[in-house]
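S.K.: Can you keep this structure in mind? I'll have questions shortly.
A short reminder: the numbers here are calculations on the coordinates, not readings from a lab. No experiment lies behind these values; they were computed from the predicted model shown. So basically every Cβ, Gly included, is an ideal-geometry build from the backbone, and we count neighbours across all protein chains shown.
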Amino acid sequence: MNGLANNPIFQALAGLVIFYIGLKMFSGGMKSMGKLEHLSYFIHNPYWMFLGGIVCTLLWQSSSLSTTTIVALVASGALPLPSAIAAVLGANVGTTGTIWLAGAFVSNGFPTGTTKHIAMIHTGLNLLMAAAFLPWIHVIARFVSKF
């Protein structure tokens, strides 16, 4: 059994399974939260939720976790759709922090060369997308809610 536990393919698959189970448990816990009246101003303001999506994704370095949280909060009725869309846009911007962090580790400091170029493009495109869609959040939410 020791050989199997040291197998990198087994470790990667086991990690993915544990990550998936954790996301499912987290999602279930978020759904049970229900209404969050004390956070009403924040939750009903798409611009605050956009910033919240950035901050949360930067903190836990996982846009998957942010998106799972957002979907669970929408499913529980605690988060309105326009705010959820804004939070997902924020999570997309926040995920660019990961590439800057990885670039810093690879470059022993601030990213340089190709690493910096990739980080700049990744950040720039996500910011451009957010700037293009954020003003239209309510229109997008009305359109999506038809399906």
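S.K.: Please tell me if Ala86 is surrounded by 14 or more Cβ atoms within 10 Å (Cβ to Cβ), within 29 Å of Ile18 (Cβ to Cβ) and without any contact (Cβ under 8 Å) to a residue 60 or more places away in the chain.
M.R.: For Ala86, the condition - surrounded by 14 or more Cβ atoms within 10 Å (Cβ to Cβ), within 29 Å of Ile18 (Cβ to Cβ) and without any contact (Cβ under 8 Å) to a residue 60 or more places away in the chain - is not met.
S.K.: Here's something else I'd like to know. Show the residue pairs meeting these rules: Cβ distance below 6 Å; 6+ apart or different chains; first residue within the range 113-127 and under 18 Å from Ala91 (Cα atoms) and touching a residue at least 24 places away in the same chain (Cβ under 8 Å); second residue surrounded by 15 or more Cβ atoms within 10 Å (Cβ to Cβ) and of a type in the set (Ser, Thr, Tyr).
M.R.: Short answer, once both residue conditions are applied: His122/Thr96; Thr123/Thr96; Asn126/Thr96.
S.K.: Might you let me know whether the range 53-67 holds any residue that is under 24 Å from Phe19 (Cβ atoms), in contact (Cβ under 8 Å) with a residue 40 or more places away in the chain and among the small types (Gly, Ala, Ser)?
M.R.: Yes: the range 53-67 contains one or more residues that are under 24 Å from Phe19 (Cβ atoms), in contact (Cβ under 8 Å) with a residue 40 or more places away in the chain and among the small types (Gly, Ala, Ser).
S.K.: Right, something else. Of Asn45, Asn108, Asn92, Asn126, which residue is of a type in the set (S, T, N, Q) and on the phi > 0 side of the Ramachandran plot?
M.R.: Asn108
S.K.: Just to verify a result, which residue in the range 76-121, among those that are β-branched (Val, Ile, Thr) and in a loop (DSSP other than H, G, I, E, B), is farthest from Thr57 (Cα to Cα)?
M.R.: Filtering the range 76-121 for residues that are β-branched (Val, Ile, Thr) and in a loop (DSSP other than H, G, I, E, B), the one farthest from Thr57 (Cα to Cα) comes out as Thr112.
S.K.: Given the condition under 15 Å from the mean Cα position of the chain (by Cα) and without any contact (Cβ under 8 Å) to a residue 60 or more places away in the chain, answer yes or no: does some residue in the range 98-111 qualify?
M.R.: yes
S.K.: Considering only residues that are under 9 Å from the mean Cα position of the chain (by Cα), surrounded by fewer than 23 Cβ atoms within 10 Å (Cβ to Cβ) and closer than 20 Å to Gly29 by Cα, which ones fall in the range 50-59?
M.R.: Cys56, the sole residue that qualifies.
S.K.: Could you please tell me which pairs satisfy a Cβ distance under 7 Å, a separation of 6+ or placement on different chains, a first residue in the range 133-145 that is without any contact (Cβ under 8 Å) to a residue 60 or more places away in the chain, and a second residue that is of a type in the set (Val, Ile, Thr)?
M.R.: Once the first residue is without any contact (Cβ under 8 Å) to a residue 60 or more places away in the chain and sits in the range 133-145, its partners that are of a type in the set (Val, Ile, Thr) give Phe133/Ile140; Ile140/Ile85.
S.K.: Just to be sure, is Leu73 in contact (Cβ under 8 Å) with a residue 40 or more places away in the chain, surrounded by 15 or more Cβ atoms within 10 Å (Cβ to Cβ) and either outside any helix (DSSP H, G or I) or out of contact with any strand residue (DSSP E or B) (no Cβ under 6 Å at 6 or more places or on another chain) (or both)?
M.R.: Criteria met by Leu73.
S.K.: Condition (residue is of a type outside the set (A, V, I, L, M, F, W, C) and closer than 13 Å to Met49 by Cα) applied to the range 115-128: is it met by at least one residue?
M.R.: no
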